[in-house]
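The values are calculated or read from the model by the stated rules, or taken from the named source; none is laboratory data. Here the structure is a predicted model, which means the values were calculated and not measured. So basically every Cβ, Gly included, is an ideal-geometry build from the backbone, and we count neighbours across all protein chains shown.
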Amino acid sequence: MMKYPIGIQSFDRIIEDGFVYVDKTELIYQLVKNGTIYFLSRPRRFGKSLLVSTLKCYFQGRKELFRGLAIDKLETEWAEYPVFHIDFNGTNFTQSGSLEDIVEGLVCTWEKEYGRTEEFEDIGKRFAYVLHQAHKRYGKRCVVLIDEYDKPILDVLDTGYKTTIDGKERLLEDWHREVLKGFYSTFKSADEDLQFVLLTGVTKFSQVSVFSGFNQPADISMASQYETLCGITQEELEHYFAEPIETLAKKCRTTPEGMKMILKRQYDGYHFSDNLTGVYNPFSLLNTFSMLQLRDYWFASGTPTYLVRLLNHTQEDLNELTGRYYRPEEFVDYKADVEKPLPMIYQSGYLTIKDYNLRRGTFLLDFPNNEVKNGFVSMVASSYLKPKESVDSWIQDVLDALEAGDLEQLRKLFTSFLASIPYSMRSKKDEAEKERFFHYTLYLIFRLISVYTVYTEKEQSQGRADCIVETDDYIYIFEFKRDGTADEALAQIEAKGYARPYEADPRTLYKIGVNFSSETGTVEEWKTI
């Protein structure tokens, strides 16, 4: 029976205890032979810590752990280097002084092993001295591996938390950035003592971040040759997990091929370069095979509170951010700017590359898969609308009504949900804001429905239908009006010919005209033909 390394990020334990390991060592070999200082950005729980642990074991020369893996045939030297592993996981950095304690503790431990000079008080210079001494002792340059380098900043990003430094009040976010900047400046002065450096994190640095002032690492986050360094490809899924796919297929009463399609919709869809090689979220896949249940494992494993804070500040809505083409500089370079949350949303894994326009050099961004779409849109809807009803349970009821063709139940559900949105949320100052709130509310609702069934915003020759939802037995064409009439909405469906593409479709087709009242905030008229 296969053992799944859920929550286990130590390469040596995975190998020694017989857990399944997706072999990434050929790519790791290329990485260590082709460069010196790297930066890799990937979403959380995407295998970054396992990558760091694998590199640590490799540079420690632990050849026995790699027996039978791809690198076993490639590496001949297996030299042992002094390795300095820094892991910012597992620490809550919202407390003032926590970052300084961690960094001081690490450097003190290394100083006990390699010696300390009284010449330096600065933490970065003390670390550089340690690296120089280790280089002299081993006769080999040092390896520095930093896991989740940005967590001390993400924990306090846009929180307003403060600290007192030398009698002056400072934003904790700014202070952490300054502490890390001083610590990472080591890599410039210690260049001659470094064999290999890898920094991993969720967010990419920018020129004004903690990395200014030292030799910029090679950012391989969108490098085509390393796009599958973390995560699981379709080929790897079928090679390593054929047995659990078959078991899960039997439980779900489908075929192995059918199960692969379900897994693809739910957990695949990440792309990290213009090659557009699909990558599965490993955390969700492993949990699915272990529990034999399809759930939103990755999303449920951590609430992206910093993203909620950013989205609450910004004037941009998800419908303005998703499904659009962007130049790389618009979503790759990170800067903590509440007016531009796109880089944070992309780098955190809630949006990914879906297409590449070679001629323009632009990338299409959208949700990677159903798990992320469902979790993120539900979270945004709850935060934005603040309904008294549970968004998730309401969506399930709507799906039941759609699948049953129950138009009266649909009307009741829409009416009750919209009525549950507090007046304070929908009371907008002017017509433009009222219209924006109306359209965004509908967008969020139908984006959630699209996780489970077909939802289109179809461009047709005569215009765009507000929403078309397809189930196995029914087609629903919705047209919505605000402070108009349901008859006007139905007339538009007819005039624009929205139903014409479905004339030969055997499914039952409903045209639904809906009018919302700005005054009551809910459905005023609902007519069906």
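Scanning region 504-523 for residues that are at pLDDT below 95, touching a strand residue (DSSP E or B) at 6+ places or on another chain (Cβ under 9 Å) and more than 18 Å from ARG411 (Cβ to Cβ) yields one hit, SER518.
Could you pull out every one of the helices (runs of 4 or more DSSP H) wholly within region 390-491 that has 2 or more residues that are at pLDDT 90 or above, within 31 Å of the chain's Cα centre (by Cα) and on the phi > 0 side of the Ramachandran plot?
On the way: elements: 391-404, 407-419, 423-426, 431-449.
Answer list for region 390-491: none.
Name the residue that is farthest from the chain's Cα centre (by Cα), counting only residues in region 368-389 that are part of a loop (DSSP other than H, G, I, E, B) and touching a residue at least 60 places away in the same chain (Cβ under 8 Å). So, considering only residues that are part of a loop (DSSP other than H, G, I, E, B) and touching a residue at least 60 places away in the same chain (Cβ under 8 Å), the one farthest from the chain's Cα centre (by Cα) is ASN369.
Just one of (1) modelled with pLDDT of 95 or more; (2) surrounded by 16 or more Cβ atoms within 10 Å (Cβ to Cβ); (3) over 19 Å from the mean Cα position of the chain (by Cα) fails for PHE363. It is (3).
Within region 34-54, the set of residues being modelled with pLDDT of 95 or more and in a helix (DSSP H, G or I) comprises LYS48, SER49, LEU50, LEU51, VAL52, SER53, THR54.
Filtering region 6-21 to residues that are buried (at least 19 other Cβ atoms within 10 Å of the Cβ) and either among the hydroxyl-bearing types (Ser, Thr, Tyr) or closer than 19 Å to THR200 by Cβ (or both) leaves GLN9, PHE11, ILE14.
Right, GLY90: small (Gly, Ala, Ser), in the same structural domain as GLY124 (by TED's automatic domain parsing), over 26 Å from PRO152 (Cα atoms) and in a loop (DSSP other than H, G, I, E, B) or not?
No; evaluated as a whole, the condition is false for this residue.
When GLY90, GLY68 are checked against the criterion of being modelled with pLDDT under 95 and either surrounded by fewer than 15 Cβ atoms within 10 Å (Cβ to Cβ) or aromatic (Phe, Trp, Tyr) (or both), a single residue qualifies: GLY90.
Within region 474-490, can one find any residue that is under 16 Å from ARG411 (Cβ atoms), among the aliphatic types (A, V, I, L, M), in contact (Cβ under 8 Å) with a residue 60 or more places away in the chain and in contact with a helix residue (DSSP H, G or I) (Cβ under 7 Å, 6 or more places away or on another chain)? Within region 474-490, not a single residue is under 16 Å from ARG411 (Cβ atoms), among the aliphatic types (A, V, I, L, M), in contact (Cβ under 8 Å) with a residue 60 or more places away in the chain and in contact with a helix residue (DSSP H, G or I) (Cβ under 7 Å, 6 or more places away or on another chain).
On the basis of being at pLDDT 95 or above and loosely packed, with under 15 Cβ neighbours inside 10 Å, does ARG500 make the cut?
For ARG500, the condition - at pLDDT 95 or above and loosely packed, with under 15 Cβ neighbours inside 10 Å - is not met.
Of the helices (runs of 4 or more DSSP H) lying entirely inside region 115-188, those carrying at least 1 residues that are aliphatic (A, V, I, L, M) and over 30 Å from SER348 (Cβ atoms) are 123-138.
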